[in-house]
Each structure stands twice: as C-alpha cells, then as structure tokens.
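Structure first, then comments.
The values are calculated or read from the model by the stated rules, or taken from the named source; none is laboratory data. Remember, predicted model here, so these are calculated numbers, not experimental data. Reconstructed Cβ throughout: ideal geometry from the backbone, glycine too, with neighbour counts over all protein chains shown. Protein only, heavy atoms only, side chains kept; ligands, DNA and RNA dropped before computing areas. Shrake-Rupley method; radii C 1.70, N 1.55, O 1.52, S 1.80 Å.
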Amino acid sequence: MLQDNVVIEVEKRTETGKNACNRLRAKDLIPAVIYGGAGTESVPLSVPRKELLGLFRKGLHQNAVFLLQLRGTDEKRHVMVRDVTLSPLRRELIHVDFVRILLDRKLKVKVPVETVGIAVGVKLGGLLDVVTRELEIECLPTDIPASIQADVSALDLGGVFRVADLVPGEKVRILGDAERVIAHIVTHRAEAAETPAAAAPATPEPEVVKKGKKEEEGAKAAPKAEKKEKK
C-alpha cells in the first residue's frame, strides 16, 4: 500500500548505545534504524514519538510504504516498518526498524485473508471454520493489497475453500501450497459433540437390574461416564 502523502521527518543519530537511547526517549524521540534497499548500510535515526504513534493508529505500520525525510533536507526514502520493540513492562514503543523500499522491485509480505459472503452451508446450520488467516504474497510495493478476499458464499456443508480458489489479481502472486485450506464448513458443534456418545458401547445392565441400591448408584454414575466419553 503506497502512502506517498505520509511523510515522517527523521534525524541521523550521532550517538548510539543504551544511555544515548534513553536520552532520546526523554526528549520524546524514538531510536530507530534504516537498512536494506539498494545499499547494505544501516543508518541510526531518531523519530518523533507522536508522529510514529499517529502512524500506527492509522494502521500504516502493516505493509504500508511511506516516506522518511531527513530533517532540513529534501532527501526522502520510501520505507516500510520492519520491526518494533516494546518495553516488557509498560509495553511502550522504544525502538523501530525501517527497511528501504524500491518501488520497481517486487517484495514478499504477509497479508490478512478476509472471508466475505454467507456460505450456503451456514444457512443450512453449519459453521464456517476459518483455518488460514494470513498468507505470504509477492508483488510490487505499489500493488500490496490491504487483504485478500475469500468469497465463501458457494460453500455447502462439508465444502472446502483452498488457496487455489482465491482470485488475488494478475499483479499479486500467492506463495505456498495451492491446496492449503482457507476455510471449510463443519456441522454444528452440538451435533459433533453428540457423535462420540452415540458411538460409545452401551453399559451392561444385568447386574444393575438385579440389585436395588446398585441400580441407583449405576444411575448416578452414568452421567460421569458420559462426561468422560465427551472429553
């Protein structure tokens, strides 16, 4: 997802190390690093915390391609957020990794799978069981979709929707096994729970019938036996 209208100003860091990073955070700046792209050089940066949080609230840290601009210059770079580090106790943002993106070079990213439509099998009392919620794809940065839709409307009871059934478009290639299951229709859970009990062998009755108290004890014990079967 290309977001050329989103520009985050950054500055190069001249100091590194734990103490230097803590001083930045005290100024409401987040230590960061940028790497990848045409070169292999990693550059330490500092980013305003509020701008980063605003970016994250819009969901633009997930596969979004936006611009970093070096403060005081016209130098800009297309980047993606590759990784974020949170403090273990307060879960506050303490570090960000950016990766340089070339718009004319394909890249591999993971995108969510979104099921759409009401399956025929669901209307008949079945349940839609979604097995795969994320897939890896390959495409140009400008063609990254927000999600890949799986139209399950035609799925009947027992029906299976696989990766091969997806229609991502000509510009997107889905990676991995084409037979991988995205979703399928299963029978109602209550019916599934009754199946083991129905298949269980009947408890012998002759001894229970002969003895009065044991008949009552057997009757009380029966529900426990049934619970074990359901587990």
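Applying the criterion of being open to solvent by less than 30 Å² (accessible area, probe 1.4 Å) and within 24 Å of Ala26 (Cβ to Cβ) to the residues of the range 56-96, the residue that is farthest from the chain's Cα centre (by Cα) is Leu68.
Do we find that Leu29 is within 29 Å of the chain's Cα centre (by Cα), more than 17 Å from Met80 (Cβ to Cβ) and of a type outside the set (Phe, Trp, Tyr) in this structure?
Here the answer is yes, as Leu29 does meet what is asked.
When the residues of the range 135-147 are filtered to those that are over 14 Å from the mean Cα position of the chain (by Cα) and of a type outside the set (A, V, I, L, M, F, W, C), the one that is least open to solvent (accessible area, probe 1.4 Å) is Pro141.
For every residue, the table says whether it meets (1) open to solvent by 40 Å² or more (accessible area, probe 1.4 Å); (2) modelled with pLDDT under 90; (3) in contact with a helix residue (DSSP H, G or I) (Cβ under 7 Å, 6 or more places away or on another chain).
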{"position": "Gln149", "(1), (2), (3)": "yes, no, no"}
{"position": "Leu155", "(1), (2), (3)": "no, no, yes"}
{"position": "Lys171", "(1), (2), (3)": "yes, no, yes"}
{"position": "Ile174", "(1), (2), (3)": "no, no, yes"}
{"position": "Ala178", "(1), (2), (3)": "yes, no, yes"}
{"position": "Thr187", "(1), (2), (3)": "yes, yes, no"}
{"position": "Ala197", "(1), (2), (3)": "no, yes, yes"}
{"position": "Pro204", "(1), (2), (3)": "yes, yes, no"}
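Scoring Tyr35 on the criteria (1) open to solvent by 50 Å² or more (accessible area, probe 1.4 Å); (2) aromatic (Phe, Trp, Tyr); (3) within 23 Å of the chain's Cα centre (by Cα) leaves a single failure, condition (3). One residue is enough: does the range 97-105 have a residue meeting the conditions open to solvent by less than 30 Å² (accessible area, probe 1.4 Å), within 22 Å of Val33 (Cα to Cα), outside any strand (DSSP E or B) and of a type in the set (Val, Ile, Thr)? Within the range 97-105, one or more residues are open to solvent by less than 30 Å² (accessible area, probe 1.4 Å), within 22 Å of Val33 (Cα to Cα), outside any strand (DSSP E or B) and of a type in the set (Val, Ile, Thr). Candidates in the range 4-34 are the residues that are within 30 Å of Ile148 (Cα to Cα) and either among the aliphatic types (A, V, I, L, M) or in contact with a helix residue (DSSP H, G or I) (Cβ under 9 Å, 6 or more places away or on another chain) (or both); of these, the one that is modelled with the highest pLDDT is Ile34. Looking only at the range 106-129, which residues are touching a His at 6+ places or on another chain (Cβ under 9 Å) and hydrophobic (A, V, I, L, M, F, W, C)? Selection gives Leu127, Leu128.
Screening the range 35-76 for residues that are of a type in the set (A, V, I, L, M, F, W, C) and at pLDDT below 85 and picking the one that is nearest to Ser147 (Cα to Cα) gives Leu60. The set of residues from the range 106-134 being part of a strand (DSSP E or B), open to solvent by less than 40 Å² (accessible area, probe 1.4 Å) and in contact with a Lys or Arg (Cβ under 9 Å, 6 or more places away or on another chain) comprises just one member, Val113.
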